[in-house]
Structures are given as structure tokens and as C-alpha cells.
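Derivation of every value follows stated rules applied to the coordinates shown; laboratory data play no part. All values derive from a computational prediction rather than experimental measurement. Cβ coordinates were reconstructed from backbone atoms using ideal geometry, including for glycine residues, and neighbour counts include every protein chain displayed.
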């Protein structure tokens, strides 16, 4: 399968990327690891006429703690590849859910290419890292012609391949609260190795996020409210599929996905609680 | 557009279309046919090659993305006088193949795996090769081959030339 023709521009800085985006407009797509975009282009489901390659921007690859005490956040450059995040010592100590989930994306070859900014911008409802980020809270930092802005993760993924980004913006950073020694859990259900989750659940600090239970990754708000009101894990997890709209496909019908959401939520919460 | 890529230690410059996939570049421009295209959807791993020290699926990388990079294919593993790379030798020794279609990708992914984890358990080999499918289901001998290759020490996780395979 061969993509439609396009022009290729490699940029070396965020400023160059923004200039290229401004010049080429909505016909352009940003290329980082390419492991979401190129498959779509090979199927001709995406037909950008210009690809702006941002994978060589060194300033976008880092993991560091910013601030101190309760306000400290872990800042992750959008160009950080999954295999880098998986092994990053700062991430493992400060926000261990994230490197754990990074290590579950696809397979080693995919993790060598894919970036956290790319999977964030792509907004596939079945993607692992956005599910973890949504459970962690925090913000997506966007940079555009008007400067930088931060969008809370709860407002970022708006639908199937849709986000709160404008076409002239670029994801430059993810900012997540430190969780340190807090318990966390991630349950991913697949039937084949290296696959997307049929359903996945992430739990940390009383928050639960679900993959593949609607048009975008989403929070299990009924479960969270029940937990906050003192419900048991089993009772709270039994509400996990409330307000979701899972699709039916060859992997699972909607009822089965609802069952998985409840089950995986319970397991993730139990793991987070050390139970 | 013009790209300069080091393929199996040899720098070459080619005029390629931006949409040319690395797998097609290697097979058709370079004439290196060991790199197979199986699923063409980033699933099967038959097209795995090593780019700047990391295993990647070349059906999901554009050739232009590897401009300036070092690419190693199966053809770049054995020495000029025909001595096999430790992973190739182990696949031969343990008969880690049946039809052979997945083998180039399996060998390249195994080198990446051994660079990351020089002495993997059976389970770690299976997890480390989860991106490579063998339709003959010859996994037992593949796992055995990787364990055997590990006995060769650090050389099993390296490719010839300057580049270090990284985790």
C-alpha cells in the first residue's frame, strides 16, 4: 500500500514547525513517529499534501520535574518516544503509571518510533497513553502562532480522531501531576499480541479512565463519584460503563465491552489500592 | 527528493519520492530483498530492520525519514567472508525457521531484543518478539535460537559497523 503523493519538509525547531504549518495550512500534517499517520495514509484515509517532519526537533524530547512540593508536575516533551518514556528514571519514580503504559503500546518496534505527543494529537479512543494521561489529570501544552496554551486533559480529546487543537497548533508538552508512591493500576484487554486494547482501564488517585468505550478516551465518572462517596471498589466498578457508548466490532459487541469496562475497572482499582 | 542514507555501512545517495516506504526503498532501490513485506500494516514484523540502533518496521517508515541515518538489513550482518552473525548462526543451529518468510525480521528484532536484554528468559524472548509473527508457528525454535544466541555475549546484540544497537 502506497500513500498518495505529498511534499516532505523536515524541520529542526518548534518555530520552524509553526512557520511550516502556517505556510501550508490545513493540507499539512505533522509527522513524528508516523505510526498512526502513515498507516492511515497508506489506506488513503488521510491524504495530506505536505508532511512536516518534527521527529528531529531535539527540544521536544525530555522528561523532567518542574516546581516542588504539592505543585510539582512531571513535564514530558511531546517528542519523547514510548521506549524512552518506558525506561525514563524520572518518570518511573514520579509518575510510574505512565512508563508502565508506555511499555504496553504496540510492540518494541512500534515503541521505538511512536511519541507521546503523536498519540495525544491522534486521538484514537483505543490508545493506551491518552487513557493513562486522562486518569492522571494534568494538561496538554499546545503551541501556535499566538503562543502557548494549556488545555486540561479532560477537555482535550473531544471525539474520534478529534481534539481541542487547532490545525495551526502543535503539541509541545504533556504536564502531569506527580503521583510518587500513590497506587495505580492499568488493565489492558487484548486477544492478540501487540494489539490495541479492546477495552482498557487506568486507575490512580480515585480517578478512572477507559479506552475504547466511546468516540474518545473517557473518564468513568459514575465510578469516581461512588468512590468519592465511600463506595467499595466492587460497587463503584459496577458503574464503570455508565455514560459510555462503546462500539460493536469484530472484536467485541457493545455489551461485552461494557462488561470488560466494569471488570477491568475493578481490577485496576484493586491493583491501585494494593488489594 | 535527494536523500543520503547509510545502508549496511555503505553511504548512498538516491533520488526518491517522499512517499517511498523504507521497505520499498531497501528492496527496490537498494536491491536488498531479505527485508520482506508481510502484512504491510505494522503488525507482522517481517520488514524489521535496524535504524540508528533501534529495530523498526520499515513498512511504516518513509525512506526520507531515514536521511542521514544508518540502516542495517539482514544482508549487512554476515562478514564479507561469510561468517554469520551470532543470531543468524543460532537460528541456523536451532532451526529457528520453517518457511523462512518471517526470518529476516525475526533475526533483526532478536538483535534489538538482545541489545536491550542480553540474557532473556523464554518469556522475555516471547514478549520481546511480540511484534513479529511466524505463520508457521515455529516459535519454540525461534525462542531457543534467541537463547542460544545470547550465549555468544554482547556480539549477539550488535550489528556490524559503527552503530550500537540501543534499548
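Laid out as a table, the results:
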item	result
Cβ-derived FRET efficiency at R0 45 Å, residue A:275 paired with residue A:7, nearest 0.05	0.25
C-alpha long axis of helix B:139-150 to longest principal axis of chain B, angle in °	90
Beta bridges per DSSP with both ends in the stretch B:2-74, % antiparallel, nearest 5	85
Beta bridges per DSSP with both ends in chain A, % antiparallel, nearest 5	80
The stretch A:139-240 shape via C-alpha gyration tensor axes, a/c threshold 1.5	prolate
Förster-model FRET efficiency, 60 Å R0, residue A:225 and residue A:47, C-beta, rounded to 0.05	0.90
For the stretch A:47-88: rounded, prolate or oblate by the Cα gyration tensor [a/c cutoff 1.5]	prolate
22 Å tail of the calculated P(r), the stretch B:2-74, as % of Cα pairs	9
Relative pair counts by distance (%), Cα atoms of chain A, 5 Å bins	1, 6, 13, 17, 19, 17, 13, 8, 5, 2, 0, 0
Model label zone, residue A:158; criterion: amide N under 19 Å from point 7 Å along Cα-to-beta-carbon; scope the stretch A:22-51	A:25-30
Shielding of A:99-112 by partner chains, average beta-carbon count, 10 Å	6
0 to 90° range, to nearest 10: angle between helix A:254-272 axis and chain A longest Cα axis	80
Cα gyration tensor shape of the stretch A:155-214, rounded if a/c is under 1.5, else prolate or oblate by comparing a/b with b/c	oblate
Average beta carbon contacts from partner chains per residue of A:7-13, 10 Å cutoff	3
Cα-based helix-to-principal-axis angle, B:103-116 vs chain B, degrees rounded to 10	80
For B:59-66, mean number of other protein chain Cβ atoms within 10 Å	6
Inter-centroid distance (Cα atoms) of the stretch A:232-268 relative to the stretch B:67-117, Å	43
Dmax and Rg, reported as Rg then Dmax, of the stretch B:86-157 (C-alpha, Å)	10.4, 30
Chain B - Rg (one decimal) and Dmax (whole number), Cα, Å	14.9, 45
Quotient of Cα Rg and 2.2 N^0.38 Å for the stretch B:73-124, N being how many residues it contains	1.14
Among A:259-270, A:123-134, the order from most to least packed when residues are scored by Cβ within 10 Å on average	A:123-134, A:259-270
